[in-house]
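The block underneath contains the structure these notes are about, expressed in structure tokens.
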Amino acid sequence: MSSSILVQIIECNPEILGGKPIIKGTRIPVDLIYELIGADVSIEEILDDYPSLTREIIEKVIEIGRQAKKNLDHVDLDKYLLSESGLS
């Protein structure tokens, strides 16, 4: 997935939800989509609850998550962040 797709659908603005990544043009955090999917909420239910979203946007967010999971599946993120913070 190209970074241009990320820029098209995700933004971080310090004025909106403290800079948390959100779906562009909304106040819907990206992690909420992952949380809903993790709770087995269907795409149709998400669309009903968040009419500003489209199936295409949700599918792109899922694909971004799939790629991140694939690339990070073998990484202990807590250990990584600790080592990168210089506190290890």
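Rule-based calculations on the coordinates, nothing more; no lab input. Bear in mind the structure is a predicted one, so any value in this text is a computation, not a measurement. Quick reminder, even Gly has a Cβ in these numbers, built from the backbone with ideal geometry, and neighbours come from all protein chains shown.
Between Ser85 and Arg27, what is the label-point separation in nm under the 7 Å Cα-to-beta-carbon projection?
Output for this residue pair reads 3.0 nm.
Sticking with the crude label model, points 7 Å out along Cα→Cβ, report the distance from Ser52 to Asp76 in nm, one decimal please.
The two pseudo-label positions are separated by 4.0 nm.
Which lysines, if any, have their Cα less than 25 Å from the Cα of Lys60, not counting same-chain residues under 8 positions apart?
Cα-Cα hits under 25 Å: Lys20, Lys24, Lys69, Lys70.
Mean Kyte-Doolittle of at least 1.6 plus a Cα span of 15 Å or more along the axis: flag which DSSP H helices in the chain meet both, please.
Going by DSSP H runs, there are no hits.
Of Ile64, Ile9, Ser83, whose Cα points farthest to the positive end of the dipole of region 3-83 (charges on the beta-carbon: +1 Lys, Arg; -1 Asp, Glu; origin at the Cα centre)?
Result: Ser83, furthest along the dipole toward the positive end.
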